[in-house]
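Notes follow the structure.
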Amino acid sequence: MTSSTGRSLLERIGGADARGLAAAGLACLDRCLPLLAPDRTEVLRPVWAAVARGDGGAWAEAVAKARVELDGAGGGAVDDGGIVALVRALLDGVPAAWSEEPLRAWAERCSTVALTVHRLYDVGEDGPLHAGELRRQLAVLDAVAHGPTGLRRARELSTEGGRVLRAVVSRRARTA
């Protein structure tokens, strides 16, 4: 899928700066976090604030705090096909360094995992949940390309996507 500028998702990630990469990866993690820790969805708020500041020191500190707060999260969850393990790996893989290459590798991994997770919960190979996640990822990259002011929109998209995924998981659990 391509964005409004006609560039693919991987091209957009490839051309993003450190702030865009951090926001893209964080948004994917944020949308999938309810699968790992449904009661701790606000734990990434300080990490978002560090992205807004573009401050590597604040980023490393906020990431370390989030890891501590989420230590052991998902351990007791029923791991539907390894999904919790995938989300846990995203959290564990957050680079402490505010540097483009580690952030790019992480953002690419987050994108792939988030799309995989959404596909696993979807009604078909490329159903509406997967398509919605792809659109959100492109919209996040478009929003953060406008600088720090786009981060609010990125966070809104992330929150909305987390709600959608939570609802799908809840509905699936009720019908199982």
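Residue under question is His130, and the condition is that it be touching a residue at least 24 places away in the same chain (Cβ under 8 Å), open to solvent by less than 50 Å² (accessible area, probe 1.4 Å) and either in contact with a Ser or Thr (Cβ under 7 Å, 6 or more places away or on another chain) or more than 17 Å from Ala50 (Cβ to Cβ) (or both); does it hold? When the stated conditions are applied, His130 does not pass them. Within the option set Glu125, Glu156, being among the acidic types (Asp, Glu) and closer than 21 Å to Val47 by Cα holds for one residue only, Glu156.
For the range 133-159, the set of residues classified as touching a residue at least 24 places away in the same chain (Cβ under 8 Å) and open to solvent by 80 Å² or more (accessible area, probe 1.4 Å) consists of Arg135 only.
Within the range 94-118, can you find the residues that are among the charged types (D, E, K, R) and touching a Gly at 6+ places or on another chain (Cβ under 8 Å)?
The initial filter retains those residues of the range 94-118 that are among the charged types (D, E, K, R), namely 100-101, 104, 108-109.
Arg104, Arg109 - these are the residues of the range 94-118 that are among the charged types (D, E, K, R) and touching a Gly at 6+ places or on another chain (Cβ under 8 Å).
The values are calculated or read from the model by the stated rules, or taken from the named source; none is laboratory data. Note that the structure is predicted; figures quoted are calculated from it, not measured. A quick note on method: Cβ atoms are made from the backbone with ideal geometry, for glycine too, and the neighbour counts reach across all protein chains shown. All accessible areas refer to the heavy atoms of the entire protein, side chains included, with ligands and DNA or RNA removed. Shrake-Rupley method; radii C 1.70, N 1.55, O 1.52, S 1.80 Å.
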